[in-house]
Amino acid sequence: MSTPPAALDGIQVLDLSRVLAGPWCTQILADLGADVVKIERPGTGDDTRTWGPPFLKDAQGRDTAQSTYFTACNRNKRSVTIDMATPGGQALLQKMAAQADVVVENFKTGGLKQYGLDHETLRAKNPRLIYCSVTGFGHDGPYAERAGYDLMIQAMTGMMSITGRPDGEPGGGPLRVGVALTDLFTGCYASTAILAALRVREQTGQGQHIDMALLDVGMAILANQASAFLNTGQAPQRQGNTHPSLAPYQDFPTQDGAMLLAIGNNGQFARFCEAAGRPEWAQDERFASNTLRVKHRDALIPAMEAVTRTRTTAEWIALLEDKAVPCGPINDIGQAFGDAQVKARGLAVTLPREAGDGIAAITGVASPLRLQATPPVLRRAPPALGQHTDEVLAELGLSAHEIAALRGDGVL
């Protein structure tokens, strides 16, 4: 049976990005079929290759020097080591950019100009090039020269001010989200912008520059919380796992732990009350609408907690499952990957790796992009450092002798 075509077959991406936001973007493009060539520093590579523990294991189960972090955002790519600080490296990268459809980079504003790898220089040689820059604060404004990191952006945008338990409660205080949320969302937004630019190029024949900033994304993903402030002047506050606009919509204690209830309308609330043996709650004028339930949260939640403690989490899920009342366990990540639905969707994917480094396979999370006619293609495990250097340079037209000479000169 033939493999169906991928959505981005034939698109060439030169990936000059490192760490997470840029690599997350290019992994999305790679999963959709683009040929992504990741450029790394000779000898050291992407910073995240050493961001451990935890580290990948070899065939004997021993830790290697390669972190698991790197593998989260670099599958389906080919790794090439080139020192862009050398004239030979700059010439190679300029030649690769001249043949590319997309360049993605996350250097500081103006950082690539000294190497002749900035947007203006490369677009002059390849007008069809789509050049996506990812920075902390964008290419203009008073902070344009600053480096930006996800944790800093979570703090600056107010994300941490709405995450965690309120001041005065045990464990109260601002918290970061458990993953680098603004990096990940920036990667998603960047890939969307690139796809839009490819569509425009079909019509105009011209590429364009995309200016992605973590700060912009961090503000955008405040979503309803930002809208609440902008339209009322009231800054939202931390309130743990409760929702500012919905109730009951939070975690509840059970006989053996905790569960999550996400009740979003009156019908769901009435069905929960009936199943819980408290139909009178749905008739109580204090709880007759979502707005009233939010207003009288202090009365409703303790009464519900007294009832939820009478059954185990599994018993509550079984009781509510066929009543269209959103209810679920609060899993750790191991439990999540053990979930029947996660397994049924094939969300853990193991890819073989033949890099000669003792790591036979790497497991990651499947792409969530389920296109029926052009599904994502998982062709390559995350690469070893420089694994594809000779292969890619040969495709660029270099002979084995020329590649060996460049390696001898420290370019590769």
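The values are calculated or read from the model by the stated rules, or taken from the named source; none is laboratory data. Everything numeric here is computed off the predicted structure, so don't read it as measured data. Because the Cβ atoms are built from the backbone with ideal geometry, glycine has one as well, and the counts that use them run over all protein chains shown. Just so you know, the surface numbers come from the protein's heavy atoms only, side chains and all, with ligands and any DNA or RNA stripped out. Shrake-Rupley method; radii C 1.70, N 1.55, O 1.52, S 1.80 Å.
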(request) Identify all aspartates and glutamates with a Cα-Cα distance to residue 38 below 16 Å; exclude those on the same chain that are fewer than 8 residues away in sequence. (result) 15, 46, 47, 83, 101, 105, 390, 391, 395
(request) Just need the relative contact order of the range 64-157 here, percent rounded to a whole number, with Cα pairs under 8 Å and 6+ apart. (result) 23
(request) Could you let me know the centre-to-centre spacing of the range 224-276 and the range 1-68, using Cα atoms, in angstrom? (result) 38
(request) Report the chymotrypsin sites (Phe, Trp or Tyr not before Pro) located in the range 18-98 that are in a DSSP loop and have at most 13 other Cβ atoms inside 10 Å of their Cβ, or state none. (result) none
(request) With springs only between Cα atoms under 10 Å apart, run a GNM on the chain and tell me which of 30, 288, 98 wobbles the most. (result) 288
(request) Would you mind counting up the charge near residue 109? Only other residues with Cβ under 15 Å from its Cβ, with Lys and Arg at +1 and Asp and Glu at -1. (result) -4
(request) Enter the accessible area of residue 8 (Å², nearest 10), with the probe set to 1.4 Å and all protein chains included. (result) 20
(request) Would you mind calculating the relative contact order of the chain from Cα pairs under 8 angstrom and at least 6 residues apart, reporting the percent as a whole number? (result) 19
(request) Identify which of the listed values of mean projected area of the Cα convex hull in nm² was calculated from the structure shown: (i) 23.7; (ii) 25.4; (iii) 20.8. (result) (ii)
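How about the range 111-155: which trypsin sites (Lys or Arg not before Pro) there are in a DSSP loop, with at most 16 other Cβ atoms within 10 Å of their Cβ?
Listed in order of number, the matching sites are 128, 146.
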(message) If you roll a 1.4 angstrom probe over the protein chains with everything in place, what fraction of the accessible area of the chain belongs to carbon and sulfur, to the nearest %?
(response) 55
(request) In Å and from the alpha-carbon atoms only, list the Rg and Dmax of the range 126-276. (result) 20.5, 66
(message) Over the chain, with the other protein chains present, what is the accessible area per residue in square angstrom, probe 1.4 angstrom?
(response) 50
(message) If you split all Cα-Cα distances of the range 210-256 into 5 Å bins from zero, what percentages do you get per bin, shortest first?
(response) 5, 16, 18, 20, 15, 10, 8, 5, 2, 1, 0
